[in-house]
Amino acid sequence: MNWRDYWNQDTPIYASERHKLLHYRLVASDIIGLIPSGEAVVLDYGCGEALFADRIAAKCARLYLSDAAPLVRDRLRERFGSNDRITVLGPDEVSGLPDGSLDLIVVNSLLQYLSRDELRSLLKLWRAKLRGSGQLVIADVIPPDVSPLKDARALLSFAWQGGFLGSAVLGLIRTAFSDYRKLRETIGLSQYSEKEKVEILQDAGFSAERAERNLGHNPARMTFVGRPA
Ligand SMILES: C[S@@+](CC[C@H](N)C(=O)[O-])C[C@H]1O[C@@H](n2cnc3c(N)ncnc32)[C@H](O)[C@@H]1O
């Protein structure tokens, strides 16, 4: 099994339905905060189930949701098929979008599952699809010093605030015995220092900087903003 196969199934990553809802609600409100105007065309790449995509779509002209997992795309089409501002795309279909047509591309919590070569080729694609005034926001990037323990602490703090602490503890135990932990040990997760991440973005034709805060619940992870240079 690889990371792509892993995500094409129901995973134990979310401790409960409440965890999943609060996670996607927070991510959606963070994405809404990045939308430059009601006319904007937005791509959420590696979007997962994007449970609140309708809220994001209400704040822009068009929202493209793209995910590699066919199961995830089927669920997105089921949930948002009747929303005429939302289009669900496979990763290959993103290359069919007109060049220079996107105002905002958000990539949240995906990089850790990509090799550096995969990232470089995606950066080329995203750079081509962004308007000159557009922004690429890559979030939830894991720095080299963030261990599974730090991730667990961030989850427990989110769970405490969100009222799902009990299920979060059980979820962490489940994860410890799951394919996720096995894959994390065998294939590993890609981790980047701030310096390396900025350099990779610059090499791909972006001016880049780290944002003050990360999207989502984990402040130990990093968000980067790239603009076509
Ligand atoms: C951790 S989830 C993140 C989902 C969502 N962005 C969020 O913030 O919760 C990673 C998602 O990336 C998708 N994915 C993995 N590899 C991908 C790739 N190469 N291209 C597009 N999506 C990919 C997976 O199917 C999964 O839904």
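Every read-out reported here was derived from the displayed coordinates using simple, explicitly stated rules and does not represent laboratory data. Owing to the predicted nature of the structure, the values given are computational and were not obtained by experimental measurement. When we count neighbours, we look across all protein chains shown, and the Cβ atoms used for this are built from the backbone with ideal geometry, even at glycine.
Over the range 3-228, what is the percentage of antiparallel beta bridges among all DSSP beta bridges, to the nearest 5? Working shown, then result.
On the way: 9 of 27 bridges.
Of those bridges, close to 35 percent are antiparallel.
Considering only the other residues whose Cβ falls under 14 Å of the Cβ of Ala40, what net charge follows from Lys and Arg at +1 and Asp and Glu at -1? Mind dumping the intermediate values first?
Working: positive: Lys59, Arg62, Arg85, Lys129, Arg131; negative: Glu39, Asp44, Asp103.
Once all neighbours under 14 Å are counted, the net charge is +2.
Tell me the net charge near Arg210. Cut-off is 9 Å between Cβ atoms, Arg210 excluded, with +1 for each Lys or Arg and -1 for each Asp or Glu. Provide the component values of the computation, followed by the final result.
On the way: positive: Lys197; negative: Glu194, Glu209, Glu212.
Here the count lands on -2.
Starting from the Cα-Cα distance between Gln202 and Met1, subtract it from 0.36 nm times their residue separation and give me the gain in nm to one decimal.
Working: separation 201, 0.36 × 201 = 72.36 nm, distance 3.26 nm.
Stretched out fully, the Gln202 to Met1 stretch lengthens by 69.1 nm.
Show which aspartates and glutamates lie in cross-link reach of Lys59 when reach means a straight Cα distance below 14 angstrom and same-chain residues fewer than eight apart are skipped.
Result set, ordered by chain and number: Asp30, Glu39, Asp44, Asp84, Asp103.
For Trp160, Trp3, which order do you get if you count the other beta carbons within 10 Å of each Cβ and list the fewest first? Show your work: numbers first, answer last.
Working: Trp160 11, Trp3 20.
Going from sparsest to densest Cβ surroundings: Trp160, Trp3.
At what distance in nm do the modelled label points of Lys150 and Lys20 sit from each other, each positioned 7 Å from its Cα along Cα→Cβ?
2.9
What's the local net charge at Gly132, with K and R +1, D and E -1, over the other residues with C-beta under 15 Å away?
Details: positive: Arg127, Lys129, Arg131, Arg227; negative: Asp99, Asp103.
Neighbourhood net charge equals +2.
With a Cα-only, solvent-free Debye model of the chain, what are the log10 I(q)/I(0) values at q = 0.08, 0.09, 0.17 Å⁻¹?
For the chain at q = 0.08, 0.09, 0.17 Å⁻¹, log10 I(q)/I(0) is -0.27, -0.35, -1.38.
Which of the aspartates and glutamates could a cross-linker bridge to Lys197, judged by Cα under 19 Å and excluding same-chain residues fewer than eight apart?
Asp117, Glu118, Asp140, Asp145, Glu209, Glu212
Quick one: among Val94, Val146, Val107, which has the greatest mean-square fluctuation in a GNM of the chain with alpha-carbon springs under 10 angstrom?
Top of the fluctuation ranking is Val146.
Please give the contour-minus-distance gain from Ala61 to Thr186: 0.36 nm per residue of separation, less the Cα-Cα distance, rounded to one decimal in nm.
Working: separation 125, 0.36 × 125 = 45.00 nm, distance 4.18 nm.
Stretched out fully, the Ala61 to Thr186 stretch lengthens by 40.8 nm.
Considering only Leu170, Leu102, Leu65, give the residue with the highest GNM mean-square fluctuation for the chain, with springs between Cα atoms whenever their separation is below 10 Å.
Result for the chain, Cα springs under 10 Å: Leu170 fluctuates most.
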